[in-house]
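Some notes on the structure that comes next.
What follows is calculated from the coordinates using simple rules that are stated; it is not laboratory data. The structure displayed is predicted, hence computed values, not measured ones. We place every Cβ from the backbone using ideal geometry, glycine too, and count neighbours over all the protein chains shown.
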Amino acid sequence: MTYPGKKFIMVCQHSSCAVQGALKVLSAFELADLPEDAIVMTSGCQGQCSTSPTVRILPEETWYFRVKPSDVERIVEEHLKGGKPVRSLLNPRIHPSEEEENEDGSER
Ligand code: FES
């Protein structure tokens, strides 16, 4: 089943993320003024436990790390409404910085 035009906010609730406060992050998204095309969901482990809590935006595959409830408004306003991911919260394992991408002239 597909949902054309929808964005899914996957908030991991598995062990490491839960210990780091992922339930409060989930609550912050649920209480936020989300755009109509955004749907909040819980998820199991996303494989990024050492940098939890993990928030993954699908289908575009934007990964946020160490997300705090206080980061949620920024993600909603700048990314989900404004279309520009919050660079300082991007998981560097998945989204290498521009310096790393350009160091040798190619992406890693
Ligand atoms: S427990 Fe959340 S990414 Fe592994």
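Through the Karplus equation 6.51 cos²θ - 1.76 cosθ + 1.60, θ set to phi - 60°, convert the phi angles of segment 11-16 into ³J(HN,Hα) values in whole Hz; use x for Gly and Pro.
Those phi angles translate into 10, 4, 10, 7, 3, 5 Hz.
Taking the Cβ of Ser52 as the center, what net charge do the other residues with Cβ under 14 Å away carry, scoring Lys and Arg +1 and Asp and Glu -1?
+4
Going by amide H atoms built from the backbone, whose H comes under 5 Å of the H on Thr42, apart from near neighbours?
Answer set, sorted by chain and number: Val11.
Expressed as an acute angle from 0 to 90° and rounded to the nearest 10, what is the orientation of the C-alpha long axis of helix 22-31 relative to the principal long axis of the chain?
Computed tilt is about 70 degrees.
Considering only the other residues whose Cβ falls under 14 Å of the Cβ of Glu73, what net charge follows from Lys and Arg at +1 and Asp and Glu at -1?
So the surrounding residues net to -1.
Once you measure Cβ to Cβ distances between cysteines in the chain, which Cys have no partner under 4.7 Å?
Lone cysteines by the Cβ rule: Cys45, Cys49.
Less than 15 Å Cβ to Cβ from Ala32, Lys/Arg counted +1 and Asp/Glu -1: what total charge do the surrounding residues give?
-3
Pop out the ³J(HN,Hα) list for segment 65-73 in order, Karplus 6.51 cos²θ - 1.76 cosθ + 1.60 with θ = phi - 60°, rounded to Hz; leave Gly and Pro as x.
Values, residue by residue: 10, 6, 6, 10, x, 5, 7, 5, 4 Hz.
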